[in-house]
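Structure first, then comments.
The values are calculated or read from the model by the stated rules, or taken from the named source; none is laboratory data. Predicted model, so just to flag it, every value in this text is computed and none were measured. Positions of Cβ are backbone-derived with ideal geometry, glycine not excepted, and every protein chain shown enters the neighbour counts.
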Amino acid sequence: MQRVSLGRRLSQRWMLLVAVVVVAVAGFAVYRLHGIFASHDVTSTPSGAGNDIVPFNPKHVVLEVFGPPGTVATITYLDVNAQPQRADSVTLPWAYDTTTTQPAVFVNVSAQGDSDSIGCRIKIDDVVKDERTVNTLNAFTYCLDKSG
């Protein structure tokens, strides 16, 4: 009588036993494949190593506005971070001088003065990139460099 009940229990639970055996065999196979393809050898980069930025090829940027002595001008320009800036009632000559490690620099300067002559110049690493001089009433000028 016990044989019949044991056989009946096994016949009811055979699918569960097969599923356990299949999962065990599949788990063992995956474990062995990980060992074969060396996925246990994990190489990691120390944290923060990718955040260390080493400056390279620094650029010396100079924006200049010039005119006759005593000329007063309103100057607008983009700094090396491409942020607009304004300087009101500036006595000329005027200069914005900075150094940056950015790979490219987009700068411009414009000025309007109260005299009949005004000029501007953009120099990057002591090379004149743009220069203009204007001779008119209440002269206005601009210089632009987007190659720096």
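A few notes on this one:
- Selection status of Asp88, in a strand (DSSP E or B), touching a residue at least 24 places away in the same chain (Cβ under 8 Å), at negative phi and surrounded by fewer than 14 Cβ atoms within 10 Å (Cβ to Cβ): no
- Scanning region 124-145 for residues that are among the hydrophobic types (A, V, I, L, M, F, W, C) and more than 18 Å from Tyr77 (Cβ to Cβ) turns up Val127, Leu137.
- Among residues of region 17-40 that are surrounded by 10 or more Cβ atoms within 10 Å (Cβ to Cβ), those with a Cβ under 9 angstrom from a residue that is modelled with pLDDT under 85, sequence gap 6+ or separate chain, pair up as Leu17/Leu10; Leu33/Ser39; His34/His40.
- Matching residues in region 97-148 - criterion: being of a type outside the set (A, V, I, L, M, F, W, C), touching a residue at least 24 places away in the same chain (Cβ under 8 Å), surrounded by 14 or more Cβ atoms within 10 Å (Cβ to Cβ) and part of a strand (DSSP E or B): Thr98, Thr100, Asn108, Ser110, Gln112, Gly113, Gly119, Arg121, Lys123, Thr141, Tyr142, Asp145
- Enumeration of residues in region 50-72 that are modelled with pLDDT of 90 or more, surrounded by 16 or more Cβ atoms within 10 Å (Cβ to Cβ) and within 16 Å of Asn108 (Cα to Cα): Val61, Val62, Leu63, Glu64, Val65, Phe66
- The set of residues in region 98-112 being of a type outside the set (Phe, Trp, Tyr) and under 15 Å from Cys143 (Cα atoms) consists of Val105, Val107, Asn108, Val109, Ser110, Ala111, Gln112.
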